[in-house]
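Heads up, the thing below is written out as structure tokens.
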Amino acid sequence: MSDPTFNAPGITDMERDELRRHGILLTGLEELYNWGRSHSVWPLNFGLACCAIEMIAASMAKFDIARFGSEVFRPSPRQADLLIVSGTVTKKMAPQVVRLWNQMPEPKYCIAMGACAISGGPFKQGYNVLKGIDRFIPVDIYIPGCPPRPEALLHGLVQLQEKIRNQAISGPAAPRHLQAEADCNCPIPECGAHDIEPTRNDALWPKPPELLRPTKT
Ligand code: SF4
């Protein structure tokens, strides 16, 4: 991963800060590009259950997600770059969530908000609830809680901004959207006779070896 705090050769951090105090900004393209992206993350206007109420509260005046540049909740996945999975993901709803994810343009990010989105939460043992959205789409930030408060969502957003600021824009450590050969779409599960099929995206969530059935010898 590249160093986000670009320094011109021969310039120390102290000298850089001193220049900043005099209104002279010394930076690199990577830092500038990531700084801009990290402060303009537009979430999809989408919620699933009670956690969504906390997400909505985060956008209201008291918590004011606008302070972090993310007040523009977009009604179309084509215009959003953050999917906040806020609530219980039923198996009936899972294909729709993955479809929305696929319709979002890269670079895109996902926050799993609350115990339900992370693991199924209080419904984990239910026959109809997904045990974590990360079985189907890549999750960048997990926010525990039932429900997490709006402050927790804001903290998760700040963590995501930090992650974006630290991304390389070239080289082998470049993120998915900058690698031409990387497939950015996730397979969409279908409702089968007894369960959704497939039950997981093996590229994201390989079955742990201990869960594989022992073969008879
Ligand atoms: S984690 Fe709790 S508050 Fe959030 S959707 Fe699940 S049950 Fe509701």
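The values are calculated or read from the model by the stated rules, or taken from the named source; none is laboratory data. The model shown is predicted, which means the values in this text are computed figures rather than measured ones. Every residue, glycine as well, gets a Cβ built from its backbone with ideal geometry; the counts of neighbours run over all protein chains shown.
Filtered by the rule that a residue be under 16 Å from Phe68 (Cα atoms) and in a loop (DSSP other than H, G, I, E, B), the range 21-50 gives His39, Ser40, Val41, Trp42.
So that you can scan it fast, the table gives a plain yes or no per residue for (1) surrounded by 12 or more Cβ atoms within 10 Å (Cβ to Cβ); (2) modelled with pLDDT of 90 or more; (3) closer than 30 Å to Lys91 by Cβ; (4) not small (Gly, Ala, Ser):
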{"position": "Asp13", "(1), (2), (3), (4)": "no, no, no, yes"}
{"position": "Leu26", "(1), (2), (3), (4)": "yes, no, no, yes"}
{"position": "Tyr33", "(1), (2), (3), (4)": "yes, yes, no, yes"}
{"position": "Cys50", "(1), (2), (3), (4)": "yes, yes, yes, yes"}
